1. Going by what's in this entry, would L116 be described as crowded, with 19+ Cβ neighbours inside 10 Å, farther than 26 Å from D69 by Cβ and touching a Phe, Trp or Tyr at 6+ places or on another chain (Cβ under 8 Å)?
2. Does K152 satisfy being of a type in the set (K, R), at pLDDT below 90 and under 30 Å from K23 (Cβ atoms)?
3. So D75 ticks every box in (1) touching a Cys at 6+ places or on another chain (Cβ under 7 Å); (2) closer than 22 Å to L160 by Cβ but one. Which box is left unticked?
4. Looking at (1) within 16 Å of L51 (Cα to Cα); (2) surrounded by 12 or more Cβ atoms within 10 Å (Cβ to Cβ), which is the only condition W68 fails?
5. Going by the structure shown, is N156 surrounded by 12 or more Cβ atoms within 10 Å (Cβ to Cβ), under 15 Å from the mean Cα position of the chain (by Cα), assigned to a helix (DSSP H, G or I) and among the polar types (S, T, N, Q)?
6. Being farther than 18 Å from V27 by Cα and hydroxyl-bearing (S, T, Y) is the filter here; which residues of segment 86-123 pass it?
7. List every residue pair whose Cβ atoms sit under 9 Å apart, with the two residues 6 or more apart in sequence or on different chains, where the first one lies in segment 139-158 and is under 19 Å from K110 (Cβ atoms) and the second, anywhere, is of a type in the set (S, T, Y) and assigned to a helix (DSSP H, G or I).
Amino acid sequence: MRTRTKNRPVVSTPAVVKVEPVKTLDVRADEALEGLVVTAGWDLEGAKRNLDEFRVNFYKDPAHTFEWDGSSAFDQAARLKVNQEFLGWVKSAQNSANEYAKPSSLAILKEVRGLLFDEVVRKARWPEHSTSFSSNEMSRCVLAHRTAMLVKLDDNLKNLGQ
């Protein structure tokens, strides 16, 4: 840092530089996977709380609840479903290898991303055309939440240089 005082020469003070250790790709992938799993767990619990609140309000006044909170119930149910799927896919990927070879976090992220991508593309190419409004709305909400999860996975993989 350089400071100038009145009628005095410029004085330089040495800056203290803190050097962080460089994390390997494996460590960063472990952190990314753990972060996504923790976030999915929080989202799952939040969706459960919101659906419980909807249920309580529904018992009090069903018509009012459907009128004002019906669409949020679809959204929260889809949020719950997608986070359960994600956590299930991660667990399945972690357990897919034999007892001697544990898959890396990067491999798990890529595998889950592939599953999620396939689901998003399939639902986008062949959307629901049911005569049931509820079925179509749930499908739309699930697709939106899967797409958001896919974006999170892609962002994490991009940050890992993959």
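The values are calculated or read from the model by the stated rules, or taken from the named source; none is laboratory data. Here the structure is a predicted model, which is why all the values come from computation and not from measurement. In this analysis, Cβ positions are derived from the backbone assuming ideal geometry, glycine residues included, and neighbour counts consider all displayed protein chains.
1. So L116 fits the description; yes.
2. Answer is no for this residue.
3. Status for D75: all satisfied but (2).
4. Checking W68 against (1) within 16 Å of L51 (Cα to Cα); (2) surrounded by 12 or more Cβ atoms within 10 Å (Cβ to Cβ), the one that fails is (2).
5. Judged against the criteria, N156 is a match.
6. Once the filter is applied, which keeps residues that are farther than 18 Å from V27 by Cα and hydroxyl-bearing (S, T, Y), segment 86-123 yields S92, S96, Y100.
7. Listed by first residue and then by second, the contacts come to K152/T39.
Table: residues versus (1) assigned to a helix (DSSP H, G or I); (2) more than 24 Å from N136 (Cβ to Cβ); (3) basic (K, R); (4) touching a helix residue (DSSP H, G or I) at 6+ places or on another chain (Cβ under 6 Å).
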site: R28; (1), (2), (3), (4): yes, yes, yes, no
site: W42; (1), (2), (3), (4): yes, yes, no, no
site: A47; (1), (2), (3), (4): yes, no, no, yes
site: E67; (1), (2), (3), (4): yes, no, no, no
site: G70; (1), (2), (3), (4): yes, no, no, no
site: A73; (1), (2), (3), (4): yes, no, no, yes
